[in-house]
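J.: Just passing along the structure, written as structure tokens.
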Amino acid sequence: MERQRPCSDFRHRGGHLCLLNPELQRFWVLDFRLFDPECDGHSKIDHLLEMFDRALQSCAEAIGVVLMDSWYASMEVIKASEAANKVYDGPLKRNRQATQGPETPYQRLDTLPFNESEEPHRKLVHLKKFPKRHQVKLFGLVSSTGDTEWIVTNDLSEASASAVRKQAAVRWQIEQFHRQWQQTIGVQWCHCRKQRAQRNRITASLLAWARLHQAAMLAKTTI
């Protein structure tokens, strides 16, 4: 039987909000949204903020640190995290601009000067377009391949690059979830054209993945 052709834009059609427990190495999918601006006029940031607000209403105490990828590390998301009194760790793209003080011009993160006394790379900076005197701590984490990942946090007391690196690594569990979700459930092979049918399939596939994940945890094996 010929395999159904996947939706070409499936990987960009939605987003998920997950709760992770790094000590137990477990996570739960709390909410998801489909990205369909032509239908509802919502951007991906709008969906994220709506899901984040709902999560705060139901399990605010369970949220310790807010993690995000570089696409969602916007001023709106950072402000929402700070308004909720939550610590956040978020990677920034290297072309984001920041300054070390009002007397210095804004420049790309990958051109900011670091000296030996600031090893491992960390410093207080002000991101462009953020409120005046709003500071975040910036870390430049160099990988084994020589690439640098720029991480910002509002925890100004954080001084350990290794702790920030460990926190950032937790985000990869979400990438693993997406890979498992597609490989085991085959959600990307959706041949439906109507919006309601697509939503039903995605919802059903998430419920199926959750059941498989629970069974795998009890059996102490992978999905």
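J.: Rank-order 104-112, 71-79, 160-168 by packing density, defined as the average count of other C-beta atoms within 10 Å over each peptide's residues, highest first.
T.: Highest-to-lowest ranking by the protection proxy: 71-79, 160-168, 104-112.
J.: Taking a cut-off of 17 Å between Cα atoms, list the lysines near K128, but don't count ones fewer than 8 places away on the same chain.
T.: Qualifying lysines at Cα under 17 Å: K79, K93, K137.
J.: Can you give me the C-alpha center-to-center distance between the stretch 138-159 and the stretch 171-205, rounded to a whole angstrom?
T.: If you average the Cα positions of each part, the centres end up 32 Å apart.
J.: Here is a follow-up. Just want to confirm a number: the relative contact order over the stretch 10-184, from Cα pairs under 8 angstrom separated by 6+ residues, in percent.
T.: This gives 15 percent for the stretch 10-184.
J.: Would you be so kind as to identify which of S70, L48, L124 lies farthest towards the positive end of the dipole of the chain, taking Lys and Arg as +1 and Asp and Glu as -1 on Cβ and the Cα centre as origin?
T.: Among S70, L48, L124, the one farthest towards the positive end of the dipole of the chain is L48.
J.: For the chain, give the magnitude of the charge dipole about the Cα centre (Cβ charges: +1 Lys/Arg, -1 Asp/Glu; no others), in debye to the nearest 20.
T.: Using only the charged Cβ atoms, the result is roughly 720 debye.
J.: As a check on your grasp of the helix formula, calculate [θ] at 222 nm for the chain: sum -39500 (n - 2.57) over DSSP H runs of n ≥ 4, divide by the residue count, round to the nearest 500.
T.: Value at 222 nm, helices only, nearest 500: -10000 deg cm²/dmol.
Bear in mind that the values in this text are calculations on the coordinates, not laboratory data. None of these values were measured; they are calculated from a predicted model. Because the Cβ atoms are built from the backbone with ideal geometry, glycine has one as well, and the counts that use them run over all protein chains shown.
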